[in-house]
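The values are calculated or read from the model by the stated rules, or taken from the named source; none is laboratory data. A quick note: this is a predicted structure, and the numbers were derived from the prediction, not measured. Heads up, the Cβs are rebuilt from the backbone with ideal geometry, glycines too, and the neighbour counts pull from every protein chain shown. We work out accessible area using only protein heavy atoms, side chains counted, and drop any ligands, DNA or RNA first. Shrake-Rupley method; radii C 1.70, N 1.55, O 1.52, S 1.80 Å.
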Amino acid sequence: MSAEVDLTALPSFMPESVPETPEPELPIRLIALDIDGTIIGDDHEVTARTITAVREAMDRDVAVSLVTGRMVSSAMRFARELALTAPVVGYQGGLIRAIPEPDSRRLGKLLLHTPLPAEAARRILTWTRARGLDPHVNHLERFILRADDPRADDYSAFMGAKAELVPDLIEAITHPVTKILAVGEPPLPVEVAPAARAEFAGLADVTISHPRFLEFVAPGVSKGRAVRWLARRLRIPLGATLAIGDQWNDFEMIAEVGHGTAMPTAPAEVRAAARYVAPPLEEDGAAQMIEALVLAPTDAILANARRLEAEAVELRQSA
């Protein structure tokens, strides 16, 4: 858990302070799930076991929300498969929408939007290009690429939405935008992240959502802030919240809840911030955590929590 995190060991693009992790409370009443690398793999499919676990948790009055770096329209496909009713968090917490009405073709009501100022966004585009990264622009549900981007179709397939192609990204930014995503071959995004944090301190926050993706959002935006917002809205203590993720951008939300869980593929520092480490994605790790901590018989849940915490400590000690 976060009390054990060595701040000096965190990469310099990470927060300078770690949220105080609340004591775990049972029963768990809110589940915050990352998508990529947590509930879906390269096939972009949610397994039947995960769908069943999530739906059974909701049947027990547990709120379940997707908290992702994707745009909300891209996440809605998975929200529908899981039959979610709680808001969906997109863009690392930069945008939150309500679930739309059944059979509605519209996106859900916009509940929170914290965009980057236009001038900061233009500066980020110039800065990232100069360092060999290929930046993209996200605004609300728009995914904007340069017209000559050779991977436009690949990105559209990944996002589940058609990219908007423009001749000049910088000229296309005439108002605040939700996020800048800069793509590069590993390890370049991680290598330039510390310089990006220093360059844009006070103008944008920096995170890594994938070894290829360096992301810029408005100051203060994070998945941790989003989970705090959800918990307040739903009147659920953070101590009674389970959050599961696998990347640097999941660090804050994992550290801020009573039942923070890292996937085993998460960076070591993210695993150190977690109370538990889930089984692998290939073994439906997120579903297994829900089964053990939410769906198990009441008298078994506390024993499962203690066992999982002890296993996480053992993993850290053996690393």
key: Distance in nm between pseudo-label sites at ALA98 and THR265 (7 Å out along the Cβ direction from Cα)   = 3.5
inquiry  = Show me, bin by bin at 5 Å from 0, the whole-percent P(r) of segment 1-146 based on Cα pairs.
reply    = 2, 8, 14, 15, 18, 16, 14, 9, 4, 1, 0
query = Farthest toward the dipole's positive end in segment 99-164, which of VAL137, PRO117, ALA147, given Cβ charges of +1 (Lys, Arg) and -1 (Asp, Glu) about the Cα centre?
reply = PRO117
ask   = Karplus couplings for segment 291-306 from phi (6.51 cos²θ - 1.76 cosθ + 1.60, θ = phi - 60°), rounded to Hz, Gly and Pro as x?
value = 4, 6, 9, 10, 9, 5, x, 3, 6, 9, 4, 4, 4, 5, 4, 5
key: Per-peptide average of other Cβ atoms within 10 Å, ordering 265-274, 179-188 highest first   = 265-274, 179-188
inquiry  = In Å, what Kirkwood hydrodynamic radius results for segment 105-262 from the alpha-carbon pair distances?
reply    = 16.7
task = Please compute P(r) over all alpha-carbon pairs of segment 75-149, binned at 5 Å starting from zero, and give each bin as a whole-number percent.
result = 3, 13, 20, 20, 15, 11, 10, 7, 1, 0
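With only Lys, Arg, Asp and Glu charged, each at its Cβ (+1 for the first two, -1 for the last two), find how big the charge dipole of the chain is about the Cα centre; round to the nearest 20 debye.
Computed charge dipole of the chain: roughly 1040 debye.
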ask   = Considering the Cα trace of segment 178-319, what is its radius of gyration and what is Dmax, both in angstroms?
value = 16.5, 52
task = With r as the distance between the Cβ atoms of HIS113 and ALA195 and R0 = 35 Å, compute the FRET efficiency 1/(1 + (r/R0)^6) and round to 0.05.
result = 0.80
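For the chain, give the share of DSSP beta bridges that are antiparallel, in percent and rounded to the nearest 5; count only bridges with both residues there.
Restricted to the chain, the bridges split so that about 55 percent are antiparallel.
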note = Computed over the chain: longest principal axis from alpha-carbon atoms vs helix 118-130 long axis, angle to nearest 10 degrees, is 80
message = How compact is segment 166-219 by the rule of thumb for globular proteins, expressed as Cα Rg over 2.2 N^0.38 Å?
response = 1.18
remark   = Filtered hits (aspartates and glutamates, Cα-Cα < 17 Å from LYS223, offset >= 8 within chain) -> GLU16, GLU20, ASP34, ASP36, ASP205, GLU215, ASP246, ASP250, GLU252, GLU256, GLU269
request  = Give, rounded to the nearest 20 debye, the magnitude of the charge dipole that segment 82-141 has about its Cα centre when Lys and Arg contribute +1 at Cβ and Asp and Glu contribute -1 at Cβ.
outcome  = 200
C-alpha center-to-center spacing [segment 80-147, segment 203-235] in angstrom = 12
inquiry  = Pairwise over distinct Cα atoms, reciprocal of the mean inverse distance: report the Kirkwood radius of the chain in Å, one decimal place.
reply    = 19.7
message = Using only the alpha-carbon atoms, how far is helix 72-82 inclined from the longest principal axis of the chain? Give it as 0 to 90 degrees, nearest 10.
response = 30
query = Out of residues 5 or more away from GLU164 or on other chains, whose amide H comes under 5 Å of its own, with H placed 1.01 Å from N in the peptide plane?
reply = PHE143, ILE144, LEU145
query = For helix 188-199, what angle does its Cα long axis make with the longest principal axis of the chain, in degrees from 0 to 90 and rounded to 10?
reply = 80
remark   = In whole Hz, the Karplus estimates of ³J(HN,Hα) for segment 38-55 (6.51, -1.76, 1.60; θ = phi - 60°; x where Gly or Pro) are 10, 10, 9, x, 5, 7, 6, 10, 8, 6, 4, 5, 5, 4, 5, 4, 5, 5
remark   = For the chain, the accessible surface attributable to carbon and sulfur atoms (probe 1.4 angstrom, ligands and nucleic acids excluded) amounts in percent to 51
task = Quick one: what are the phi-derived ³J(HN,Hα) couplings along segment 99-115, Karplus 6.51/-1.76/1.60 with θ = phi - 60°, whole Hz, x for glycine and proline?
result = 5, x, 5, x, 6, 6, 8, 8, 6, x, 4, 6, 9, 7, 9, 10, x
remark   = Stokes-Einstein D for segment 255-309 (10 °C, 1.306 mPa s, Kirkwood Rh from Cα pairs), in µm²/s, comes to 139
